[in-house]
Amino acid sequence: EDFRLSCVKEDFRPVLLCDGVERLKLDSFKFSRPAGAPDTLVLNDVVNVQLRDTDIPTVVPRIAELKLIAEDSGGLFIAGKPYSVSVTVENGGQQGLAQIELVAAGQKVTRWVWLRPNEKEEIVLKGLTAPGAGTHQVRVRNLSKSLIVQERQ
């Protein structure tokens, strides 16, 4: 809360790097960045971000592609077994922090990612557990896929 960062000389490293954070709250977080600095924030496996009175812009990227990835070597989705989802996002002309929210069979997973202008990036959401046998919808905003789950073998 009420945190300000500045550097004596130009520094192109990210302002903030978070890994495996359940809840990140940035309240009155201010910083300066050199014009050519690539990533302002690096967020790996960050679930919840709350911003208030901060210099961090937010963006809403277009969801370009959604892929379901079976962890089973045969490419099958098995009830109770892990699977992953790959989400490809395309950003517009402004850099910023984007929220990717996946809903799969009643399970909601949120990840945050920093996107540069006009960047296309693949985000892989791991550690999901396949629900019971049947057909389930997996959705990220306006894009959805059918997840066909089989009983355990």
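Net charge near GLU119: determine it from the other residues with C-beta under 13 Å of the C-beta of GLU119, scoring Lys and Arg +1 and Asp and Glu -1. Could you put the intermediate results ahead of the total?
On the way: positive: ARG62, ARG116, LYS120; negative: ASP39, GLU90, GLU121, GLU122.
Local net charge: -1.
How long is the gain from SER84 to SER32 if the chain were fully straight, where each residue apart is worth 0.36 nm and the alpha carbon distance is subtracted? This chain segment gains 15.1 nm when fully extended. Taking every alpha-carbon pair under 8 Å whose residues sit at least 6 apart, the range 1-65 reaches a relative contact order of 38 percent.
Measuring with a 1.4 Å probe in the full set of protein chains, what accessible area per residue, in whole Å², belongs to the chain?
Numbers: 8900 Å² over 153 residues.
Accessible area per residue: 58 Å².
Computed from backbone phi with θ = phi - 60° and the Karplus coefficients 6.51, -1.76 and 1.60, the 3J(HN,Hα) list for the range 48-64 is 10, 10, 10, 10, 8, 6, 10, 7, 7, x, 10, 10, 10, x, 7, 7, 8 Hz; x is used for glycine and proline. On a straight-distance basis, which aspartates and glutamates could pair with LYS30 in a cross-link, Cα separation under 14 angstrom, same-chain partners fewer than 8 positions away excluded? Within reach: GLU1, ASP2, ASP53, ASP55. The charge dipole of the range 34-126, taken about its Cα centre with unit charges on the Cβ atoms of Lys, Arg (+1), Asp and Glu (-1) only, comes to about 200 debye.
Short-range pairs are left out: with C-alpha atoms under 8 Å and at least six residues apart, the relative contact order of the chain is 21 percent. Enumerate the aspartates and glutamates that LYS67 could reach by cross-link, defined here as Cα to Cα under 13 Å, with residues fewer than 8 away along the same chain left out. Excluding near neighbours in sequence, the set is GLU122.
If Lys and Arg each add +1 and Asp and Glu each add -1, what is the summed charge of the other residues whose beta carbon sits under 13 Å from the beta carbon of ASP72? Don't jump to the answer; show the numbers that get you there.
Working: positive: LYS81, ARG152; negative: GLU71, GLU151.
Computed value for this residue: 0.
Here the gap between ILE148 and ASN48, fully extended at 0.36 nm per residue and compared with their Cα-Cα distance, gives a gain of 33.1 nm.
The values are calculated or read from the model by the stated rules, or taken from the named source; none is laboratory data. Note that this is a predicted model, so its numbers are computed, not measured. For neighbour counting, all protein chains shown are included, and Cβ atoms are generated from backbone atoms with ideal geometry for every residue, glycine included. Heads up: the accessible areas ignore ligands, DNA and RNA and are worked out on the full protein's heavy atoms, side chains in. Shrake-Rupley method; radii C 1.70, N 1.55, O 1.52, S 1.80 Å.
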